[in-house]
Amino acid sequence: DKGNYRHFMEKEIYEQPEVVSHTLAHYLDFANGVAKDFETPFDFGKIDRLAISACGTAYLAGLVGKYWFERHARLPVDIDIASEFRYREMPLSKQSGALFISQSGETADTLASLRYCRQEGLPIGAIVNVRESTIARESDGIFPTLAGPEIGVASTKAFTCQLSVLASLAVKAAAARGEVDAEGEKLLVRQLSEAPKLANQTLKLAGQIEKLARDLSHYKHVLYLGRDTNYPLAMEGALKLKEISYIHAEGYAAGELKHGPIALIDEQMPVIVIAPHDRIFEKTVSNMQEVAARGGKIILITDAKGAKHSTIDTLDTIIVPDVPEIISPIVYSLPIQMLAYYTAVFMGTDVDQPRNLAKSVTVE
Ligand code: F6R
């Protein structure tokens, strides 16, 4: 039941503060500021690498996870698109853990990758939304997302719940590997606990984003740029826009701009820059200058400080609340989902059932 919402996708976007809160609370003990003592298929303190595979949006969640595991837990992560992983016969260290991410738990390529790791003798964990799924059954342990059923074909709340699990696992790994002390762990847990409230505040940007979406719906191509965890988010923004509005979109690491995509920049292609005011913000500002110098129109998604320091003319600037770095990917997911959603609504596409797509891809 969609309730008062026009589409399941809209409803699922709005459910995010609540389901992210449930998911985080499943893994983190907020009162004591620690990761809970939940069961894991491998010991995050002992493995020497983590191999992650998934498809589509779930893959992009995994890519954010790589930044978190490597930054906070100093745990090296190999991440692959499952359709590549399953055939590339990657040499796997026996001390690795294997982690699969799938909303449905039925995606054929992800399942095949899991079975490859099983053959190689690796312990297997899976982040799934459907606990009775094949991937859940064939894993040694599951990390559930508590998103509830996701009906819209374009994944929204499952994605932010996958991010919530990955961030929680990164905290757990950081503690298990001695990369954070009790104070450090407490700080990360407290910061994560703020995600639902900040996500809720971010939803208030809907009116502004809806207006912007009307403009965006007139373009044929859109480029998304970001650095660090905003690089996977740039790809997620592009994926969301193309799948439901059918506007051609690409997501790039901002630093790659001058290695090719800059040739595309003109006034016909808006560039959406996802850039909170973080330690590499200035680098992204220089990318924006390169875009502006070529007549490109910029839509900047940032925070108040970023808006103040960017000094670049934008078509629009979306100002997200100030967020601690670890929850930035969760909170910044919302404006990019809303932008894709409202653009598709203006285009009049079938938002919940986009053409040529299925919710669960059980054939390769
Ligand atoms: C995009 C989207 C897809 C899925 C992908 C994996 O919005 O929904 O890219 O993320 O098909 O599906 P699961 O997570 O069920 O394995």
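Coordinate-derived values only; no laboratory data. Just so we're clear, the structure is a prediction, and the values are computed from it rather than from any experiment. We place every Cβ from the backbone using ideal geometry, glycine too, and count neighbours over all the protein chains shown.
Key figures
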| item | result |
| --- | --- |
| Kirkwood Rh in Å, taken over region 192-304 so that all alpha-carbon pairs contribute | 14.6 Å |
| Nearest 10 degrees, 0 to 90: helix 157-176 Cα axis against the chain principal axis | 50 degrees |
| Region 159-317: relative contact order as a whole-number percent, Cα under 8 Å and 6+ apart | 17 percent |
| All-pairs alpha carbon distance profile, region 180-253, 10 Å steps from 0, percent | 17, 30, 33, 14, 6, 0 |
| Relative contact order [Cα under 8 Å, 6+ residues apart], region 220-290, whole percent | 40 percent |
| Euclidean distance of C-alpha centroids, region 174-220 and region 84-163, integer Å | 24 Å |
| Which of His221, His259 has the fewest Cβ neighbours within 10 Å, and the rest in rising order | His259, His221 |
| Proximal aspartates and glutamates to Lys11, defined as alpha-carbon separation beneath 17 angstrom and excluding residues fewer than eight positions away on the same chain | Asp1, Glu150, Glu210, Asp350, Asp352 |
| Relative counts (whole %) of C-alpha pair distances in region 1-79, using bins that are 5 Å wide | 3, 12, 14, 18, 21, 14, 9, 6, 3, 1 |
| Cross-link partners of Lys242 among lysines (Cα-Cα below 16 Å; sequence separation of 8 or more within a chain) | Lys220, Lys359 |
| Hull-based mean projected area of region 249-364, where the convex hull spans the alpha carbons, in square nanometres | 9.3 nm² |
| The chain: equivalent-ellipsoid semi-axes (sqrt of 5 x gyration tensor eigenvalues, Cα, Å) | 31, 23, 20 |
| Degrees separating the helix 16-27 axis from the principal Cα axis of the chain, which is the longest one | 20 degrees |
| Given Lys2/Lys211; Lys157/Lys211; Lys186/Lys305; Lys240/Lys308; Lys157/Lys240; Lys66/Lys283, the pairs whose alpha carbons are separated by over 18 Å | Lys2/Lys211; Lys157/Lys211; Lys186/Lys305; Lys240/Lys308; Lys66/Lys283 |
| For region 116-201, fraction of C-alpha pairs farther apart than 23 Å, in % | 38 percent |
| q = 0.14, 0.15, 0.17, 0.21 Å⁻¹: log10 I(q)/I(0) that the Debye formula gives for region 271-314, counting C-alpha atoms only | -0.25, -0.29, -0.37, -0.57 |
| Nearest 10 degrees, 0 to 90: helix 56-73 Cα axis against the chain principal axis | 70 degrees |
| Candidate aspartates and glutamates for bridging to Lys204, where Cα separation is under 17 Å - those fewer than 8 sequence places away on the same chain excluded | Glu10, Glu12, Glu15, Glu18, Glu194, Asp303, Asp316, Asp322 |
| Calculated diffusion of region 62-131, Stokes-Einstein form, Kirkwood radius summed over Cα pairs, 37 °C and 0.692 mPa s, µm²/s | 260 µm²/s |
| All-pairs Cα distance distribution in region 1-136, expressed in whole percent, bin size 10 Å | 11, 36, 35, 14, 3, 0 |
| Length-normalised contact order of region 1-159 in % [C-alpha pairs under 8 Å, at least 6 apart] | 26 percent |
